[in-house]
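Presented below is the structure to which this report refers.
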């Protein structure tokens, strides 16, 4: 108890110093911890030294500078590189409600059609309990998008902070977000496009109009004798896609929808990153051929109840082999027809939970994204990924750190706890894959957050 | 738990997804209904690599080619349904009266078990259509029922491009009454067509002029650059219609609106189109024949809305007798399983010949979809899309026993697995699957209007 309060005092004073004397910020050091790396290697009794958000030294022999505020891990704490969410919508303003009927549903304003590529998280993020929840789950960094429809806005990378992530912009617009979601409002108050095919057609039309506007702007720069272009921030936000200079973070799950995304890519030639991609395994060869990375969701369908029960029985059977008679009484009777169905059902479920494993094995570039998953489900889903999804703890850490960092283009700063990287890592009370592992501190861009 | 490991081991099914295959098979001793020629008794049909190679007697199969004894049975070309919404992901992009830019090609669900049921009725191709909410709806997609392949492989290669138009109550109700925009009346429907054609022609002129000036400017970099005219997908498609590159299939019922559209098309030089449903087409059969217009009708389905009361079971026979190319369609996931019965009704009611009745579900719809050079009859050189029937296909007692697409057997009643779904949902338990899709969907609704009555389910936001 006593140690803990000292630690808090130290931290507190450390942060004040950081704020008031930016030029001579003292260092921080975390010593005597077990450090886990993305490649699976483990360093016992490690020390991590950082200053101004940058890691200065790591290892058994790291020298702690004279000015450092030192935290002693006391041998029992486990440090992991901060997890990175490759696409989250934390802090996003909610989707519009109670939309008014439109005069011309066939020709709606951009926002009512779901076309809002000009929006930026750094301008719109709200406070959100998800930021703290994310950090408590080990995340320190996230590429954030906004809730929306076919073109919800830009994707930007942030250092997480429970109170004010919006000011923690690390990298602006790394790409544009997209999906096949139709315009909001349903039949009564909806608008064009209201279908999958409509979204595809409307996307093409937006690309054509952005192409024409860009050309007009270029021509006008060359010769002002022509009529000036009507500037349009929505179409101008599409220029990076038209010019293939920024990737399209496209949220898509079924293999048919992934094929539809391929059709658009074939036509416009943009780079794309698949977000969520629950059936991506079914297109793994083509994804590899096209060099399309997948920021995979682990928001799996709930485990079939009968399967969960079978597993539970199996576990308890291991523990106690007695009560044979009682057991056989309780044995469930399953008809052949139901059994045949169950075989298919469990195959479908296994396909889903082994998606990431299959993609990795096929050589597809895979990272992690929550893409709308409720964080309170994270522990449960991670357990499934480890128990049923064919991944080890090392695979999971790698997935959520270096693999994701590389896909969203921040691997120079994030993904590992090594000298020169950003000081973003998490202190757990035990290895993260163990039951009831808890985050004690989260260091994000060098700032310590206590939980 | 032995049982568990058994479950895990048994995740291999009887049914595996097929790749798009071209098969070889020799069908022997059948009565072959060629449709375009005579019926041939005790005849063999040799199929190699998906193509009908020989029709005759005592044909020899190549080594390794399956031989089927069809003694006492009938071979009919695969049935073609010229009006279907069988496996559309969405049917109606119903928020604008004109949506020529959308296409059912991008709305194909290759996993629908309805495809397999249609195969069980001897159907090998469908015209997957946009719905009838809009005056000018989306483009259609002609599919081969290659069940177990993907959306790309289901496409009927070389089929004509098509588009859905709709007249009368549906577009006026959806847009005029529903959204307060044109068209509110039948007059408005005509005007929407004319206005959009005119706009499309204007656009084309402007776009071409711009492209020409752009070419000159980019080459010489002199003078004033042109103001760009963006490509417009909707107008591009409308121009393709005007130029005859897309066949119009128009949802219609009343004789006056049928005549109206033929006048409009005459003004714009559009030929080779088909009226769908067309319950009052019999009133204007000579005019249809004169304009070379086709019809695709129900055998005896009507009275489901006001404009469909004046109808008759003699419609198909009258059109046929007047020289109109007529097909009989299903517009239904249920009716598609026995289009042979629907064709038989024309024999029963209107004394149409058996051959003409069968034409209405084979070569005639093939003509209307621009695939009659490939399928729709049993002829050497044509694609081997056909079915073996237990008896004459117009008999109420006959059933399709095997159905082939490109010579590959996609349906075999003798070896019909219990569960032919391509995929099951991991989150759906056995007890919840009994109603997973209504087999008998009833005929009370016009399937063209699918998705347009979901007023209570207003939330499409996911």
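What follows is calculated from the coordinates using simple rules that are stated; it is not laboratory data. Quick caveat: nothing in here was measured; it's all calculated off a predicted structure. Every residue, glycine as well, gets a Cβ built from its backbone with ideal geometry; the counts of neighbours run over all protein chains shown.
Computed values, structure above
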read-out: Ellipticity estimate at 222 nm from DSSP helix runs (n ≥ 4, -39,500 (n - 2.57)) divided over chain A, nearest 500; value: -10500 deg cm²/dmol
read-out: Relative contact order (%) - chain A, alpha-carbon pairs under 8 angstrom, separation at least six; value: 19 percent
read-out: At 1.306 mPa s and 10 °C, Stokes D of chain A from Kirkwood alpha-carbon radius, µm² per second; value: 65 µm²/s
read-out: Acute angle (nearest 10 degrees) that the helix B:255-268 long axis makes with the longest principal axis of chain B, alpha-carbon atoms; value: 70 degrees
read-out: Residue mean of other protein chain beta carbons inside 10 Å, B:84-92; value: 3
read-out: Kirkwood Rh and Cα Rg combined as Rg/Rh, the protein assembly as shown; value: 1.04
read-out: Relative contact order (%) - criterion: Cα under 8 Å, at least six apart; region: segment A:267-310; value: 44 percent
read-out: Residue-averaged beta-carbon neighbours from other chains (10 angstrom radius) around A:180-188; value: 6
read-out: Part-to-part distance (alpha-carbon centres) for segment B:122-184 and segment A:140-197, which is given in Å; value: 32 Å
read-out: Between segment A:56-128 and segment A:354-409, the Cα center-to-center distance that results, in Å; value: 18 Å
read-out: B:302, B:389 arranged by Cβ crowding within 10 Å, fewest neighbours leading; value: B:302, B:389
read-out: Computed label-point distance, nm, for sites residue A:438 and residue A:267 using a 7 Å Cα→Cβ extension; value: 5.4 nm
read-out: Shape category assigned to segment B:71-226 from the gyration tensor of Cα positions, a/c cut at 1.5; value: oblate
read-out: Tilt relative to chain B, helix B:233-242 - C-alpha long axis, 0 to 90 degrees, to 10; value: 80 degrees
read-out: C-alpha long axis of helix B:339-350 to longest principal axis of chain B, angle in °; value: 80 degrees
read-out: Cα→Cβ-extended label distance, 7 Å offset, between residue B:184 and residue A:305, nm; value: 5.4 nm
read-out: Cα gyration tensor shape of chain B, rounded if a/c is under 1.5, else prolate or oblate by comparing a/b with b/c; value: prolate
read-out: Relative contact order of chain B, pairs being alpha-carbon contacts under 8 Å that are 6 or more residues apart, as %; value: 21 percent
read-out: Sorted by Cβ density within 10 Å, fewest first, the residues A:408, B:55, A:258, B:422; value: B:422, B:55, A:258, A:408
read-out: Likely footprinting exposure, B:194, A:112, fewest C-beta neighbours within 10 Å first; value: B:194, A:112
read-out: Cα centroid separation - segment B:221-281 against segment B:331-384, whole Å; value: 27 Å
